[in-house]
Amino acid sequence: MDFVMIPVGTEAPDFELPSNALTPDGKPGKKVKLSSLRGQNVVLAFYPLDFSPTCSKEHACFKDDSVKIGAEHAQVLGISVDSHWSHLAYAQQMGLEYPLLADFNPKGAVAEQYGLYLADKGFASRATVIVDKSGKVAHAEEHPLGEPRDNARILEILHKLG
């Protein structure tokens, strides 16, 4: 891999991306800004593509663990290069209630800021970045493309962050 993942302890680059959440006109694209979530831990779940088998398994696990993640006062944000329209269809099919963010235009710009964009593939690496309540990177881990992330490990880290 040719990228250097963002180091733990650094300030998480702020971003604002359109999501699957609906805007007042009833269309997807409601913006989510990372810095607006200060005061809670945020799990940035970078993933390659909506509707792919491994990503679907992962999102089902986040859905199943949503109560535990919420109990740790954390917010999950799924991030991929898919459009907010694709995210809307995917979230509806999967029954997801957390935001899926479209790192779509320019493609992979946020993933690139975090050292996670795979330009040769045209999508982000499968990776977990946990941003603590103060906006610092508390954890950053890349996962093999065909293997889902470990929610037990994520929950353990969130619990330690308090």
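The values are calculated or read from the model by the stated rules, or taken from the named source; none is laboratory data. Just so it is clear, the structure is predicted and the values come from calculations on it, not from any experiment. Counting neighbours? That spans all protein chains shown, and the Cβs are built from the backbone with ideal geometry, glycine included.
At-a-glance table
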| quantity | calculated |
| --- | --- |
| Options 73, 84, 143; residue that is in contact with a Lys or Arg (Cβ under 9 Å, 6 or more places away or on another chain) and modelled with pLDDT of 95 or more | 84 |
| Filtered residues of the range 95-129 (kept if surrounded by fewer than 18 Cβ atoms within 10 Å (Cβ to Cβ) and either of a type outside the set (D, E, K, R) or within 11 Å of the chain's Cα centre (by Cα) (or both)) | 95, 105, 106, 109, 113, 119, 122 |
| Restricting the range 1-54 to residues that are surrounded by 15 or more Cβ atoms within 10 Å (Cβ to Cβ) and of a type in the set (Ser, Thr, Tyr), the residue that is farthest from residue 75 (Cα to Cα) | 52 |
| Output for the range 1-18, where each listed residue is closer than 15 Å to residue 113 by Cβ and either modelled with pLDDT under 95 or assigned to a strand (DSSP E or B) (or both) | 3, 4, 5, 11, 16, 17 |
| Given (1) outside any helix (DSSP H, G or I); (2) β-branched (Val, Ile, Thr); (3) under 17 Å from residue 153 (Cβ atoms), number of the condition residue 54 does not satisfy | (1) |
| Cross-chain or 6+ apart pairs with Cβ under 7 Å, the range 31-56 first and on the phi > 0 side of the Ramachandran plot, then part of a helix (DSSP H, G or I) | 51/90 |
